[in-house]
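Everything on this sheet refers to the single structure shown next.
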C-alpha cells in the first residue's frame, strides 16, 4: 500500500469489517500485511518559497503502525516493513504467520489493488503468494484479501475476483465470503475464507 492512501475512508471500511470478523470467528489476533511502498511527498509553496512536507506531519497522518494501538478486544499486528523484493517479503509474511501465539487469527492482505490480473505489478498480490500464505495458515484462521475495483467501465468485477480467490485457495466455488460498504466507497471488496481442517497442509 502506498503511504499516500493510508488512513482514507477505505481504511474505515477495512477495519470495521476486520473487527466484526474477529468477533464472529473468535479471532484473538489480526496480522495486517501492509505491502507498504514509500511515497515521495510533494512540496508546499509558502509565500513563493518551496518547502518540503515536515516529517512530523507525515508521521502523524500516515503512521502505519498506529492501528496496533486501536482499542479493541483483539491484538493487532502490522507488517509495515517496506515492500520491495517479493521473495524476501513473502518470507517475512510466512515467518510472522508461523510465529503468532494467539489463535485463531486473521491474516489480512492489504495491497493497493488486490489479486493479480493478467499483468501483475507491485500493487498486486500474486496468485502464487496467496496460495503459499493460505498454506502457511492454521486451521480456523481466516484469510482476508483487499480488492479494489478492477475496471472503470461499469462491467461486473466482484464475482470474477471472488472466483479467482477461491480457485487459488483451492476451495469450493461460492465458499469465499464478501464484505463491502453498503454506500461508499463501493469500489472496494474484501474477500474472506476460514481455513478448515481438511485444507491444512
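The values are calculated or read from the model by the stated rules, or taken from the named source; none is laboratory data. Everything numeric in this text was worked out from a predicted model, so none of it was measured. Note that we place each Cβ from the backbone using ideal geometry, even for glycine, and neighbour counts take in every protein chain shown.
If you go through the range 2-45 and keep only what is at pLDDT below 70 and touching a helix residue (DSSP H, G or I) at 6+ places or on another chain (Cβ under 8 Å), you end up with 3, 6, 7, 39, 41.
Within the range 148-173, residues that are without any contact (Cβ under 8 Å) to a residue 40 or more places away in the chain and on the phi > 0 side of the Ramachandran plot have Cβ atoms under 9 Å from residues that are part of a helix (DSSP H, G or I) and surrounded by 12 or more Cβ atoms within 10 Å (Cβ to Cβ) in these pairs: 170/131; 170/134; 170/199, counting only partners at least 6 apart in sequence or on another chain.
Yes/no matrix, rows are residues, columns are (1) surrounded by 17 or more Cβ atoms within 10 Å (Cβ to Cβ); (2) in a loop (DSSP other than H, G, I, E, B); (3) at pLDDT below 95; (4) in contact with a helix residue (DSSP H, G or I) (Cβ under 7 Å, 6 or more places away or on another chain):
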{"residue": "143", "(1), (2), (3), (4)": "yes, no, no, yes"}
{"residue": "147", "(1), (2), (3), (4)": "yes, no, no, yes"}
{"residue": "154", "(1), (2), (3), (4)": "no, yes, yes, no"}
{"residue": "161", "(1), (2), (3), (4)": "yes, no, no, no"}
{"residue": "173", "(1), (2), (3), (4)": "no, yes, no, yes"}
{"residue": "178", "(1), (2), (3), (4)": "no, no, no, yes"}
{"residue": "184", "(1), (2), (3), (4)": "no, yes, yes, no"}
{"residue": "191", "(1), (2), (3), (4)": "yes, no, no, yes"}
{"residue": "201", "(1), (2), (3), (4)": "no, yes, yes, yes"}
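If the condition is being without any contact (Cβ under 8 Å) to a residue 12 or more places away in the chain and either touching a strand residue (DSSP E or B) at 6+ places or on another chain (Cβ under 9 Å) or within 21 Å of residue 25 (Cα to Cα) (or both), then the range 102-125 contributes only 116. Taking the criterion of being crowded, with 16+ Cβ neighbours inside 10 Å and either modelled with pLDDT of 90 or more or farther than 16 Å from residue 37 by Cβ (or both), the residues of the range 67-80 that qualify are 67, 74, 75, 76, 77, 78, 79. Within the range 81-105, the set of residues being in a loop (DSSP other than H, G, I, E, B) and more than 16 Å from residue 34 (Cβ to Cβ) comprises 99, 100, 101, 102, 103, 104.
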